[in-house]
Amino acid sequence: MTNEQVAEILDQIATILELEDENVFRIRSYERAAEAVRGLGEDLAEIRAGDGGLQSVPGIGEAIAAKIEEILDTGSSAYLDELLAKYPPGFLELLKVPGLGPKRAALVYHELGVESVDELEEACLAERVQELKGMGEKTEQKLLAAIQTYRQGQERALLGEILPVAEGLVAWLRDLDEVLEADYAGSVRRGRETVGDLDLLATSDDPGAVCRAFAASGQLREVELAGETKVSGRLPGGRQVDLRVVEPESWGAALVYFTGSQQHNIRLRERGQDLGLKVNEYGVFAEPEDPGQLQGECVAGETEQSVYEALELAWIPPELREDRGEIQAAEAGELPDLIALEDIRADLHVHTTASDGRQSIEQMAEAARSRGLSIMGVTDHSRTLYVAGGIGLDAIRRQRDEVDSLNERFGDQFHVLLGTEAEITVDGGVDCGEEVFELVDYVIGAIHQGLSSDADRMTARVVRALQTGLIDILAHPTGRLLLQRPPQGLHISEVIDAAVELGVALEINAAYDRLDLSDVHARLAQDRGALLAINTDAHAIEHLDFMRYGVLTARRAWVEAVTVINTWPLSRLREWLQSRR
DNA sequence: GCCGTTTTCGGCCCGACTGTTTTCAGTCG
């Protein structure tokens with residue numbers, strides 16, 4: 001049972017409790033527990049066996065701990081099964097239709113016997129929904145439109161697909177005369193690996209004008225809602241976009257509010273309550289002096305710093321705003337000094353035409369240099385990876401000569417290291433013979449084949465490969481492809497421990513469909529004392545720009561520059577590689 | 001259901017928008 005699977009069960013329980021009109025705080029507890037589980041780097045089984053057990057996790061108490069233990073032992077929850085039995089199979093799908101929440105889903109089920117999205121559509125077309133209490137003709141039409149939206153699918157998109165779009169829209173907004181400031185917020189600003197929609201924020205003395213201009217701009221395929229302070233619509237690809245425009249004095253408060261995860265925001269507001277302050281998207285407000293007033297004096301709001309300061313907290317970087325301990329750290333003045341893109345000197349995982357890349361070593365090196373890097377490592381695939389044009393000894397000899405002459409030309413301006421991306425074989429061997437090992441400066445180990453074996457065997461295979469002493473960096477450790485292929489069943493905790501013991505650096509592969517290690521795993525790795533490497537795995541010049549996604553993931557993992565070998569100067573990097581031989 | 005330098009019981013974030021309503025429920029973020 002993976003943490004994600006357990007989290008999904010907890011979420012399902014919460015969803016059905018909503019249908020049952022249960023106590024909202026009980027529902028929130030399940031939701032918070034699910035999020036807490038998703039934020040764990042270690043497997044639940046491991047935490048269960050450790051000090052304090054499952055209840056050491058904030059948000060998991062006696063009752064939910066018992067349910068998680070049952071899920072870990074049996075693979076399911078009797079409580080969930082009991083709840084599910086009250087509804088037809090597939091009923092929960094109904095709740096994915098935008099605008100149809102638990103109350104109305106329960107209503108159409110009990111009153112009309114609607115059990116699925118298809119049946120909901122039939123009921124709407126038959127004009128039976130509008131006869132229900134609290135429903136009407138307009139609601140029915142909206143539901144029909146929402147069903148179409150739902151069927152177009154694409155619940156989430158990759159960060160790397162959305163971030164450039166967000167930047168384009170922000171630039172467009174900033175160009176408007178009426179706009180004072182503009183930025184993107186939401187999960188994009190937090191740097192989450194996938195995002196559901198795009199949140200934009202702007203300030204203006206004339207919000208209505210900004211909204212009208214945006215709605216009429218042609219940036220959106222369709223406009224779903226256009227008010228004086230808010231515009232909702234869909235991008236040409238169908239992705240949802242929300243723009244909110246606030247007065248300048250609320251800029252910071254709005255940015256905080258629209259950036260933080262729901263749990264982070266709840267924590268902030270609870271903290272405000274404790275301090276006698278009310279926090280909302282317009283500012284931080286003192287208690288009203290006389291009871292007649294709705295709202296007290298505004299004590300902060302123009303900048304994010306002012307909002308956090310009013311809550312007696314240090315400013316929290318957006319990537320940390322997930323309720324994963326950042327508020328406690330900000331209170332104690334113990335926030336990490338997060339790595340930044342400017343800290344990166346090297347990209348150590350780059351392919352060329354020698355295997356399956358599109359450009360030569362020289363072209364990739366020039367491109368890396370023009371991007372401000374001072375070191376690049378060439379790591380074409382090793383021979384056994386036929387499908388990617390893996391190369392053998394002769395080709396690596398030629399690369400060695402080419403790299404050496406390039407370095408002569410670059411002098412101390414830039415340096416190319418020669419590596420190899422060596423295949424980890426099914427038996428835990430490393431496809432890197434003695435002669436190749438002597439020719440290269442370092443070895444990246446990776447698995448591309450035989451991905452289907454079970455977790456115990458997979459873990460043993462990777463650990464054995466690390467123990468050969470041949471590998472300096474373990475590439476994309478779990479092999480996941482976001483929205484396509486789940487991570488390997490791999491006991492990541494054991495792999496991390498082995499990496500720490502053997503001094504192997506674990507990669508955060510920055511390709512935005514991988515981001516592997518993930519944020520939670522990278523955080524665990526740093527906590528355990530592992531070294532990390534952030535590499536683009538570029539197969540073409542433009543892929544070198546993926547570095548930002550790797551850095552965002554590292555920041556979400558609370559990673560500091562000192563942990564990441566790509567931030568080291570050449571002398572230190574060389575020293576480290578030498579010491580491993 | 002969780003949690004606690006004011007509590008082991010009694011609290012628990014806040015607001016916008018919409019459509020249906022004579023004052024509010026549902027949904028969303």
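FYI, it's all coordinate maths here, none of it is from the lab. What you are looking at is a predicted structure, and each value in this text was computed from that prediction instead of being measured. FYI the Cβ positions are ideal-geometry reconstructions off the backbone, even for glycines, and counts take in every protein chain you see.
Could you size up the charge dipole of segment A:157-246 around its Cα centre, putting +1 on the beta carbon of Lys and Arg and -1 on that of Asp and Glu, and report it in debye to the nearest 20?
I would put it at about 320 debye.
Under the definition of Cα pairs under 8 Å and six or more residues apart, what whole-number percent is the relative contact order of segment A:492-581?
29
Can you sort A:Glu421, A:Glu302 by how many other beta carbons sit within 10 Å, fewest first? Walk me through the intermediate numbers first.
Working: A:Glu421 27, A:Glu302 17.
If I rank by nearby Cβ atoms, fewest first, I get A:Glu302, A:Glu421.
Quick one: what Rg and Dmax do you get for segment A:485-581 from the alpha carbons, in Å?
13.3, 38
In what order do A:Thr353, A:Thr459 fall by count of nearby beta-carbon atoms within 10 Å, going from fewest to most?
Listing A:Thr353, A:Thr459 from fewest to most nearby Cβ atoms yields A:Thr353, A:Thr459.
What order do you get for A:His476, A:His415 when you list them from fewest to most C-beta neighbours inside 10 Å?
So the residues, fewest neighbours to most, are A:His415, A:His476.
Compute from the Cα atoms of segment A:535-581 the Rg and the Dmax, the latter being the longest Cα-Cα distance, and quote both in angstrom.
Cα only, segment A:535-581: 12.8, 33 Å (Rg, Dmax).
Under 8 Å for C-alpha pairs, at least 6 residues apart: give me the relative contact order for chain A, rounded to a whole percent.
Across chain A, relative contact order equals 9 percent.
Dimensions of chain A along principal axes (Cα, Å, largest first)?
Rounded to whole Å, the extents work out to 78, 59, 49 Å.
Expressed in nm to one decimal, what extension gain is obtained for the pair A:Glu249 and A:Ser56 from 0.36 nm per residue of sequence separation less their Cα-Cα distance?
65.4 nm
Sorted from largest to smallest, which semi-axis lengths in Å does the alpha carbon gyration tensor of segment A:3-155 give for its equivalent ellipsoid, taking the root of 5 times each eigenvalue?
Values: eigenvalues 251, 42, 33 Å².
Working through the eigenvalues yields semi-axes of 35, 15, 13 Å.
Work out, step by step, the length gained on full extension between A:Asp427 and A:Tyr386: first 0.36 nm times the residue separation, then minus their alpha carbon distance; give nm to one decimal.
Computed gain between A:Asp427 and A:Tyr386 is 13.0 nm.
How large is log10 of I(q)/I(0) for segment A:255-311 at q = 0.16, 0.17, 0.22, 0.27 Å⁻¹ when the intensity is taken from the Debye formula with one equal scatterer per alpha-carbon?
Each listed q maps to, in turn, -0.44, -0.49, -0.80, -1.11.
Determine the equivalent ellipsoid of segment A:341-579 by diagonalising the alpha-carbon gyration tensor, then write out the semi-axes as square roots of 5 times the eigenvalues, largest first, rounded to whole Å.
Details: eigenvalues 124, 84, 55 Å².
Values for segment A:341-579, descending: 25, 21, 17 Å.
Would you work out which of A:Gly411, A:Val430, A:Ile396 lies farthest towards the positive end of the dipole of segment A:382-483? Charges go on Cβ: Lys and Arg +1, Asp and Glu -1.
Checking the options against the dipole of segment A:382-483, the answer is A:Val430.
Restricting to bridges with both residues inside segment A:341-579, how much of the DSSP beta-bridge set is antiparallel, in percent to the nearest 5? Working shown, then result.
Working: 3 of 30 bridges.
Of those bridges, close to 10 percent are antiparallel.
Output the antiparallel fraction of DSSP beta bridges having both residues in segment A:156-252, as a percent to the nearest 5.
So the antiparallel bridges in segment A:156-252 amount to around 75 percent.
Where both partners of a DSSP beta bridge lie in chain A, what percent of those bridges are antiparallel, to the nearest 5?
45
Report the one residue of A:Leu176, A:Val241, A:Pro207 whose Cα lies farthest in the direction of the positive end of the charge dipole of segment A:157-246 (charges on C-beta: Lys and Arg +1, Asp and Glu -1; origin at the Cα centre).
A:Val241
Enter the angle in degrees (range 0 to 90, nearest 10) between the Cα long axis of helix A:159-175 and the first principal axis of the Cα atoms of chain A, meaning the one along which they spread out most.
Between helix and principal axis, roughly 60 degrees.
Quick one: work out Rg over Rh on the C-alpha atoms of segment A:227-322, Rh as Kirkwood radius.
Ratio value, two decimals: 1.04.
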